[in-house]
Amino acid sequence: MSRRPQIPELAAIEVAGMTRGSFILRGALAAGAVYGAGAVTPFVERALAQTSAGDIAILQFALTLESLESAFYAAALKTPKLTAASKKLATEFSAHEKAHADALTTTIQTLNAKPGPAPAGKFAVRDDATFLKVGIALEEAGVSAYNGAAPRIISPDLLATAGAIVQVEARHAAALRETAGQDPSPAAFDSPSTTAQADAALKAFGGP
Amino acid sequence: VAALEGLVRKLGGSLPPKPTPTFQFTTPNFILQTASSLEYTGAGAYLGQVDRIQSKEMLAVALAIHTVEARHDAALNLMLGKDVSPDGAFAQPQFAADVLQTLGPYLGK
């Protein structure tokens, strides 16, 4: 079942403090932004040779999630009623979600698949309280979806990247909770969601 | 800690000796900074191992702890007026050498 590299030591090579996976995908994102995804395709394809069809489905789901989050922060930043603290978080998090969506798009294209369309999203952001409420719900959906999907990822490279992304989603959730006067980490373990739960959560925000 | 002890036992391993750290609780700000440093390192240490864990069950547990460590660090950073996500959009993994360097002063090493 588990398809590990033939030489497991290779997966453990650390490049300047990064895992091979996060190094390759970040490098691909940076290079792809300058030279186009086509320029980095052969290199990344080799790195992701172990990727399965299941991995691509997870990447597509993650892209939908990040696109929704990106649209949410863009919509929130148009609301004049955000407090200065919320506006600061929304600005910062908006950039993170955009970077996640770009990285996922590049990765999906590199694997010769077509990135799914960005959903329009529907968010009832009227004021600061609704911004925090919807933001928390969306980020929490993200944390549990990534944590639920990650053990099914075959490619160690993609797993490392999903880990680097989910940690940032959790940071967002905690900061929004604290700003809303809630416990930033309500449980000692973040519970993962099933695929059906994750799909239902996205649908509530206008996902497919 | 209890969950990890259970996992180690289940996998037939023996538990490592409990560390006896020393922390200096001087000012509230210093305590927050120490906590943030520990939580940042903790989150990064879990992240550094996720693609090497063979057991799916252990991976699920590590991920469930990983994001909680990250929440703690983010909450502390917000209190300290620091960046909620100091590494930006992609969190950086921490490896054994980095972790030991951060933890060393608390362990008298």
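The values are calculated or read from the model by the stated rules, or taken from the named source; none is laboratory data. Keep in mind that what you see is a predicted model, and the values were worked out from it rather than measured. Neighbour counts run over all protein chains shown; Cβ positions are idealised from the backbone, glycine included.
Listing for the model above:
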read-out: Test: residue in the stretch A:183-201 that is closer than 27 Å to residue B:95 by Cβ, touching an Asp or Glu at 6+ places or on another chain (Cβ under 9 Å) and in a helix (DSSP H, G or I); value: no
read-out: Residue check, residue A:194 more than 7 Å from every other protein chain (Cβ to nearest Cβ), of a type outside the set (A, V, I, L, M, F, W, C), on the phi < 0 side of the Ramachandran plot and buried (at least 17 other Cβ atoms within 10 Å of the Cβ); value: no
read-out: Any chance residue B:43 is touching a helix residue (DSSP H, G or I) at 6+ places or on another chain (Cβ under 9 Å), more than 9 Å from chain A (Cβ to nearest Cβ) and touching a residue at least 24 places away in the same chain (Cβ under 8 Å); value: no
read-out: Failed condition for residue A:139, given (1) away from chain B (no Cβ under 12 Å); (2) under 30 Å from residue A:81 (Cα atoms); (3) acidic (Asp, Glu); value: (1)
read-out: Selection count, the stretch A:118-130, where residues are under 22 Å from residue A:174 (Cβ atoms), touching a residue at least 40 places away in the same chain (Cβ under 8 Å) and in contact with a Phe, Trp or Tyr (Cβ under 9 Å, 6 or more places away or on another chain); value: 2
read-out: Residue within the stretch B:9-21 that is more than 10 Å from every other protein chain (Cβ to nearest Cβ) and within 15 Å of the chain's Cα centre (by Cα) present; value: yes
read-out: Test: residue in the stretch A:167-175 that is assigned to a helix (DSSP H, G or I), under 22 Å from residue B:50 (Cα atoms) and touching a Pro at 6+ places or on another chain (Cβ under 6 Å); value: yes
read-out: Qualifying residue in the stretch A:175-188 (condition: facing chain B (nearest Cβ under 9 Å), basic (Lys, Arg) and either in contact (Cβ under 8 Å) with a residue 60 or more places away in the chain or buried (at least 24 other Cβ atoms within 10 Å of the Cβ) (or both)); value: no
read-out: Residues (at the interface with chain A (Cβ under 8 Å from one of its Cβ atoms), modelled with pLDDT of 90 or more and closer than 25 Å to residue A:194 by Cβ) located in the stretch B:51-107; value: B:59, B:60, B:61, B:63, B:64, B:65, B:66, B:67, B:68, B:70, B:71, B:91
read-out: Of all residues in the stretch A:35-57 being among the hydroxyl-bearing types (Ser, Thr, Tyr) and not in a helix (DSSP H, G or I), the one that is modelled with the lowest pLDDT; value: A:51
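Yes/no per residue for (1) touching a residue at least 24 places away in the same chain (Cβ under 8 Å); (2) part of a helix (DSSP H, G or I); (3) within 13 Å of another protein chain (Cβ to nearest Cβ); (4) more than 23 Å from residue B:74 (Cα to Cα):
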| position | (1), (2), (3), (4) |
| --- | --- |
| A:59 | yes, yes, no, yes |
| A:65 | yes, yes, no, no |
| A:70 | yes, yes, yes, no |
| A:81 | yes, no, no, yes |
| A:88 | no, yes, yes, no |
| A:99 | yes, yes, yes, no |
| A:104 | yes, yes, yes, yes |
| A:116 | yes, no, no, yes |
